[in-house]
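For reference, the structure discussed in these notes is given below.
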Amino acid sequence: MYNIIVRETSSEIRAIARSSLKGCWPQVAIGVFLYYVMTMTIPVLLGYLMPFASYNYYNTFFEQSISLSYVARLYNLVLTGAFELGLCSFMIGFFRRRESNPAGIFNGFENFPKAFCLFVVQNIFIALWALLLIVPGIIAAIRYSQAFYVLADNPDKGVMECIEESKRMMNGNKGKFFCLMLSFFGWAILAAIPSAFMPIIPG
């Protein structure tokens, strides 16, 4: 099976994305917003609502004790895979057929067991590589980044098949993927500004 090498520049890839989103920004934005609410906002709320089920650790960067919720971590462990699969399915459906029903992010629950297993295996592999150094961890994250897209496109594939397919797809494309992500660095800083003014939960 041959491997496709992406030749387009980061700016050309972003232009393709903008062209695809033309006239459909609201629907896609709502879908992505729902994904972040389910995977980020709800865990934070769980931490606030269930402070008794939390533990503290001292963050040397902020020089404060930060509270982390056991319930929120369990929520993320169990459900993030399904939401990740749903988001990938939603994006693939939109890009190919311009279907943009925001409820599509919940489609991952139709294949929940496999999504959960893929999430766990993917993160274990990345964590093991990250034990060596930060750079191998980043490379591993890029190498396995397409696994959920593979599963969304081929629901019958096994977990390891998705991992291997992602490795094959990223062969020769890891540098391009990294540069594309880096091209959004300014937007990431801009998006992070509001969180800088949020108070850290004291221990």
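The values are calculated or read from the model by the stated rules, or taken from the named source; none is laboratory data. Values in this document were obtained by computation on a predicted structure and should not be read as measured data. So basically every Cβ, Gly included, is an ideal-geometry build from the backbone, and we count neighbours across all protein chains shown. Surface areas here come from the heavy atoms of the whole protein model, side chains and all, with no ligands, DNA or RNA. Shrake-Rupley method; radii C 1.70, N 1.55, O 1.52, S 1.80 Å.
So here's what we get for this one:
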| quantity | calculated |
| --- | --- |
| Estimated 222 nm signal from helices in the chain, with DSSP H stretches of n ≥ 4 weighted -39500 (n - 2.57), rounded to 500 | -20000 deg cm²/dmol |
| Taking the convex hull of Cα positions in the stretch 1-45, its mean projected area over all directions (nm²) | 5.5 nm² |
| Normalised convex hull volume, the stretch 82-168, alpha-carbon set, Å³ per residue | 88 Å³ |
| For the chain: accessible area per residue (Å², 1.4 Å) | 64 Å² |
| Convex hull of the chain built on C-alpha atoms - directionally averaged projected area, nm² | 13.0 nm² |
| Relative packing of 123-133, 83-93, which averages over residues the other C-beta atoms within 10 Å, highest first | 83-93, 123-133 |
| Extended-chain gain in nm, criterion 0.36 nm per residue less alpha-carbon gap, Glu161 and Val6 | 53.6 nm |
| Cα long-axis angle, helix 134-143 against the chain (0 to 90 degrees, to the nearest 10) | 50 degrees |
| Ranked by how many other beta carbons lie within 10 Å on average, peptides 20-26, 141-147, 164-170, 33-39 from highest | 141-147, 164-170, 33-39, 20-26 |
| Helix axis angle, 159-170 relative to the chain longest principal axis, alpha carbon, degrees | 70 degrees |
